[in-house]
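Accompanying notes for the structure given below.
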Amino acid sequence: IHGTNFRVGMIDGKLRCGSHRVIRTLDDGTIYSQILKNPIIKNCLEAVTDRQVILYGEIFGPEFQTFNYGIDLGNYGFRIFDVKINKVFLNYEDFIAFCEKYKLPTVPILFVGKYDFNKIKSLADGKTTIEGGKHIREGVVVKPIVERMNCKIGRVILKYVSNAFLQGETLEGDNYDY
C-alpha cells in the first residue's frame, strides 16, 4: 500500500502513536494521533489486557502519496500489517487471528506458502487488490510464517517493489510525481 506508515499502541495503560520513525503526541492534530479515535483501533487497544500492544499499519487515501484507492478527499483508509504484544511480533497465524478477533482490516494477503522468488516477482506487479483502487501495486512485502531474526538484517521482513512503480507508472501507464 502506498500511503504513510503508522503505529499506535497501549503501553502500560497509556495510549501512544507515531509515524514510521517518529513518536507523536496524542494531541498534535496529525493523522497519526487522529487514527487513535478510529473506533476499531480504539476498541482493540482498550480491550487487550497485555502490558504492551502495538499495531503497525499503513494509512492511505488522496491526501497521502499519489494513489487514492478510490477514497474521497478528506477521508482515509488503513490496513494493519503487524502486531507486537509485549515486545514480540505475532507469527502469521496469531496475527490473522488477532486481527479477526478485533475486526482490524489487514493489508492484502496475496500468497502464503514456501518462499519462491519468481512468485514474489509476479505478485509485485499488477492492479492493487484494495477495493476501490484503480492503479498499480507498489509491490509486496515478504515475511516468514514464524517470526525470526537474521544476524545481518535483523528482523526478517523484506519488500519487493514493482517495476511499474519504480518506473513511475499508474495502471493506465501515465507517469506520476513522487
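Couple of notes before you dig in:
- Values of log10 I(q)/I(0) for the chain across q = 0.18, 0.19, 0.20 Å⁻¹ run -1.31, -1.41, -1.49, by the Debye formula with one identical scatterer at each alpha carbon and no solvent.
- Lys, Arg +1 and Asp, Glu -1 on Cβ, resulting dipole of region 1-132 about Cα centre, debye, nearest 20: 280 debye
- Over the chain, relative contact order from alpha-carbon pairs under 8 Å, at least 6 apart, %: 17 percent
- Pairs over the 32 Å Cα-Cα cut-off, from the set LYS101/LYS143; LYS114/LYS134; LYS37/LYS114; LYS14/LYS127; LYS42/LYS159: LYS37/LYS114; LYS14/LYS127.
- Restricting the GluC sites (Glu not before Pro) of region 41-138 to loop positions (DSSP other than H, G, I, E, B) with no more than 11 neighbouring Cβ atoms within 10 Å leaves GLU131.
Read-outs throughout are calculated quantities, based only on the coordinates presented, and are distinct from any laboratory measurement. A quick note: this is a predicted structure, and the numbers were derived from the prediction, not measured. Cβ atoms come from the backbone with ideal geometry, glycine included; neighbour counts cover every protein chain shown.
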